[in-house]
Structure formats: structure tokens, C-alpha cells
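Colleague: A single structure is presented below for examination.
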Amino acid sequence: MTSPDPHASQRRTPLHVGRPNITNRAEFLRRVEQILDNQWLTNNGPMVQELEQRIAERLGVKHCVAMCNGTIALEIAIRALGLTGEVIVPSWTFVATAHALYWQGITPVFADINPATHNLDPAAVRRMITPRTSGIIGVHLWGRAAPIDELQAIADERGLKLMFDAAHAFGSSYKGQSIGRFGACEVFSFHATKAFNTMEGGAVTTNDDALAETMRLMRNFGFKGYDNVIHPGTNGKMIEVCAAMGLANLDGFDAIVDTNRRNHAAYKQALAGIPGVELLDYDPAERNSHHYVVLEVGDECPASRDEIIATLHAKNILARRYFWPGCHGMQPYRDLFPHAGLVLPQTNNLAARIVVLPNGNLPDGTALTISNVLRSMAMQHGSSHPAPNDEQVAQ
């Protein structure tokens, strides 16, 4: 009889945050064959043009400008808007939001968040405005809309430009309208870890004709025609293969959302009753991809956030502590603004509490498995809460 392999669990494919969604392999491969037959691999090919048109139609916006990735899309949008000096952003976001400013010699000024929404607190934004402030970048964290109306009112009142980082928000809505239509422009990431992906990619959406034209010039070195450079630019073009993946996944996006929604409901039921563990919910009146399964670990939880992460990792469940410790705690901002945390109490508090769990095409029973790990930890720390059985939790 063969002895159990002590390393078998380490060799199993881990459950991890950001598992790529690949909805229609056959359609993707058909489009790749078409690309090879066309011999048009990049430079605003037909796949990119079709993807831009379909996204613009889906979001109800005039222009979609596809880019090679979301970070370049942020940088190009920032430069096309003419932002300078200081721009107010949340620290509670992926670091690319801040880097896209700093990379271009602009100072990101970190404003605190509303702990109930995890998004920018308009009152905190007002406190951070100085004579050098040229704009605000709101972030739709977890795909839940930033306070769009309040931020737009501040921007209008103070003569500031407003754009949004919508990296999490493809498929989300605000007051029934699709994210992608607000501010001067909105920037999406289509990275492999997102609910909708093009393997690698991004886009900027806008209703501003002149801004869209400027960004199209900037993503292709400023070329207008074959040999006529009329604007400073860089290489921000999306390649055809990435657009092909996007088109295949766009057809299956609604099915991805349905799967995520079912997973979220299963997590909610399985995690119920564990002390100090609260699952972030989504507004049923708004659309959301439900891509992010976010736990807040409170003081009532017998185990700490980091103990939970370590225990899950030991069981090959690669949960994450997004966006620890906040941009203000990362370099170069930690050294540049060593006292930023003094005006970010809600950000600091939330950063110490968040766990993001796997989602997407998960094995049956994943939510129950993870909840049982958390219940076991609670019991080991002196609290007993019976777990639901398999019939009570449908994955």
C-alpha cells in the first residue's frame, strides 16, 4: 500500500484570487486564426476596432480607446487631461493609481475613505485641496461606484478636472447608468485578474470627442497618418490577440457575473455567524460583476486577519490582503509623505482588516471549505459556532 504523500496538498492547483476567466476557448482560437490569416497583428487592427465599438455600445458611451494595459491607460488619460501639480486620490487603491501620477511628475495627494463604502470621502477630498490641486481621481473600489455626484460637485465648484479609475468596475452601474460615462473619462483595466479580461489590456471611455482624439494620437506616438506626427505620444496600443480574447470573453461576461453572484451568495450563507467576520455586500439595485469577495475582520473575531491569511495559505487557498498597507505605506510615498497616515485613519483601519477570497469558476463546496477553516480557527480561539452542512450551502 502506498504511503500518503505529505506534499500532495502543496502540489494541488491552488485556489487563488484573480483566477482568469476564459469563457469561450473555441471562439478565441477562431479569432486568432483570423488574425494570422489577416497578418494584421497590431496597430489598430479590426479586432481592436470591433472591441472598442462593442464596449462603447455596451456602456452607452461615445468613445472607447483601447490600450495595452490599464496603467498606460491611466497615464495617457492623465496627460491628455493636462493634470499637473497635485491630484487627489485615495490611498486605498491599487498602487498603479498613484504611480500613474508620480511617474509623470505629479504629486498624488491621499484623501481618506468612507469606511462604509471603501471609496473616497468627499469631505476628506475637500480638506486636501490646495492651490496646486488640478484634479481628482475617484476609484470605484470593488466595482462599487465612488460618490460620483459629490465629487463632480467639488470639481465644478473648485475648477478641477475629475476622472475615474474604473479598473474594478466593468459591468457596474451608478444610479442605473453604466460606469464608464462619468467624469471627463473613466479608465478600465482588462488584466487577466479582472472579471472581464483581454489577457492584458485596458481602455479609456469618454463622451468628449476632443479628448478621445488626443488619446488615440498619444497611444500611437502622436501619428496622424503614416508619417505625420502631430502630438507627443507613446506606445499604448492593444494588440489584436488581446482584443480577440476580449471579444470572446465579452460574449460570456454575463455568465461570469452569474457565477460570481452565486459564489457570493454561497459565501454569505456559509460565513454567517462567524464572530467578527463580515462579508462586504453589493447594492441589489445596482449592477456589479461580484468579482471581489471581500471580508472585513473585526476585533470580535477570535483570529487576526493575518492569522486567517496564513492558515488559508497553508491549505492552498491563496486569499489576499488587498491593498495592504495602502499606497501611503508603499514606496516611494512612505518616504515622501511619512506623516500621511495621520490624515488617513479610516484607510489605516480598513487596511488592517481586509481579506479577499477566491471567486470565479471554483470547485464545488469552496465557500463551505473556507468557512469551515474560519470556524475551526474561531473554535481554537475559544468560540464555538456550528457550521452549516453541505445541503445548507449551495456552491
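Colleague: Report yes if Glu200 is assigned by TED's automatic domain parsing to the domain that holds Ala98, crowded, with 17+ Cβ neighbours inside 10 Å and more than 11 Å from Ala73 (Cβ to Cβ), otherwise no. Walk me through it before giving the result.
Modeller: Numbers: assigned by TED's automatic domain parsing to the domain that holds Ala98: yes; crowded, with 17+ Cβ neighbours inside 10 Å: yes; more than 11 Å from Ala73 (Cβ to Cβ): yes.
Yes; evaluated as a whole, the condition is true for this residue.
Colleague: Pick from the stretch 55-79 the residues that are closer than 27 Å to Phe94 by Cα and basic (Lys, Arg): which of them is nearest to the chain's Cα centre (by Cα)?
Modeller: Our first condition is that a residue be closer than 27 Å to Phe94 by Cα; within the stretch 55-79, this holds for 55-56, 58-61, 63-79.
From the residues that got through so far, the ones that are basic (Lys, Arg) too are 58, 79.
Working: Arg58: 19, Arg79: 21 Å.
Among them, the one singled out is Arg58.
Colleague: All but one of (1) without any contact (Cβ under 8 Å) to a residue 60 or more places away in the chain; (2) touching a helix residue (DSSP H, G or I) at 6+ places or on another chain (Cβ under 8 Å); (3) closer than 30 Å to Gly176 by Cα; (4) outside any strand (DSSP E or B) hold for Pro325; state the number of the condition that does not hold.
Modeller: (3)
Colleague: For Gly138, which of the numbered conditions (1) of a type outside the set (Ser, Thr, Tyr); (2) crowded, with 23+ Cβ neighbours inside 10 Å; (3) part of a loop (DSSP other than H, G, I, E, B) fails to hold?
Modeller: (3)
Colleague: Which residue, of Lys161, Lys194, is within 23 Å of Gly85 (Cβ to Cβ), in contact (Cβ under 8 Å) with a residue 24 or more places away in the chain, of a type outside the set (A, V, I, L, M) and not assigned by TED's automatic domain parsing to the domain that holds Gly326?
Modeller: Lys161
Colleague: Going residue by residue through the stretch 2-9, is there one that turns out to be in a helix (DSSP H, G or I), over 20 Å from Met199 (Cα atoms), of a type outside the set (Val, Ile, Thr) and at pLDDT below 95?
Modeller: Filtering the stretch 2-9 down to residues in a helix (DSSP H, G or I) leaves 8-9.
Within this subset, residues satisfying the condition of being over 20 Å from Met199 (Cα atoms) are 8-9.
Retained after the next criterion (residues that are of a type outside the set (Val, Ile, Thr)): 8-9.
Next, from what is left, pick out any that are at pLDDT below 95: 8-9.
Taking every residue of the stretch 2-9 in turn, at least one turns out to be in a helix (DSSP H, G or I), over 20 Å from Met199 (Cα atoms), of a type outside the set (Val, Ile, Thr) and at pLDDT below 95.
Colleague: Related question: Could you list all residues from the stretch 349-381 that are closer than 21 Å to Val125 by Cβ and either crowded, with 20+ Cβ neighbours inside 10 Å or of a type outside the set (S, T, N, Q) (or both)? Lay out the reasoning, then the answer.
Modeller: In the first step, residues of the stretch 349-381 are kept if they are closer than 21 Å to Val125 by Cβ; the result is 349-351.
Of everything in the stretch 349-381, those that are closer than 21 Å to Val125 by Cβ and either crowded, with 20+ Cβ neighbours inside 10 Å or of a type outside the set (S, T, N, Q) (or both) turn out to be Leu350, Ala351.
Colleague: Another question, then. How many residues are free of Cβ contacts under 8 Å to residues at least 60 places away in the same chain and either closer than 17 Å to Gly82 by Cβ or not assigned by TED's automatic domain parsing to the domain that holds Val65 (or both) when one looks only at the stretch 203-229? Reasoning before the result, please.
Modeller: Looking only at the stretch 203-229, we keep the residues that are free of Cβ contacts under 8 Å to residues at least 60 places away in the same chain, and these are 210, 213, 217, 221-229.
Adding the requirement that they be either closer than 17 Å to Gly82 by Cβ or not assigned by TED's automatic domain parsing to the domain that holds Val65 (or both) leaves 210, 213, 217, 222.
So the answer is 4.
Conditions (1) over 22 Å from the mean Cα position of the chain (by Cα); (2) surrounded by fewer than 18 Cβ atoms within 10 Å (Cβ to Cβ); (3) in the same structural domain as Gln53 (by TED's automatic domain parsing), marked per residue:
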position: Asn235; (1), (2), (3): yes, yes, yes
position: Val257; (1), (2), (3): no, no, no
position: Arg261; (1), (2), (3): no, yes, no
position: Lys268; (1), (2), (3): no, yes, no
position: Gly273; (1), (2), (3): yes, yes, no
position: Ala303; (1), (2), (3): yes, no, no
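Colleague: Right, something else. Condition first: part of a loop (DSSP other than H, G, I, E, B), modelled with pLDDT of 95 or more and crowded, with 16+ Cβ neighbours inside 10 Å. Now tell me which residues in the stretch 275-301 satisfy that.
Modeller: Hits for the stretch 275-301 are Leu280, Tyr282, Glu286, Arg287, Asn288, Ser289, His290, His291, Tyr292.
Colleague: Out of curiosity, is Gly171 touching a Leu at 6+ places or on another chain (Cβ under 6 Å), surrounded by 16 or more Cβ atoms within 10 Å (Cβ to Cβ), in the same structural domain as Val61 (by TED's automatic domain parsing) and at pLDDT 95 or above?
Modeller: Considered against the rule, which asks whether it is touching a Leu at 6+ places or on another chain (Cβ under 6 Å), surrounded by 16 or more Cβ atoms within 10 Å (Cβ to Cβ), in the same structural domain as Val61 (by TED's automatic domain parsing) and at pLDDT 95 or above, Gly171 comes out as no.
Colleague: Can I ask one more? In the stretch 161-192, how many are small (Gly, Ala, Ser) and part of a strand (DSSP E or B)? If you could, list the steps in order and put the result at the bottom.
Modeller: Of all residues in the stretch 161-192, those small (Gly, Ala, Ser) come to 166-167, 169, 171-173, 176, 178, 180, 183-184, 189, 192.
Next, only the ones that are part of a strand (DSSP E or B) stay: 173, 178, 189.
Of the residues in that region, 3 qualify.
The values are calculated or read from the model by the stated rules, or taken from the named source; none is laboratory data. Keep in mind that what you see is a predicted model, and the values were worked out from it rather than measured. Reconstructed Cβ throughout: ideal geometry from the backbone, glycine too, with neighbour counts over all protein chains shown.
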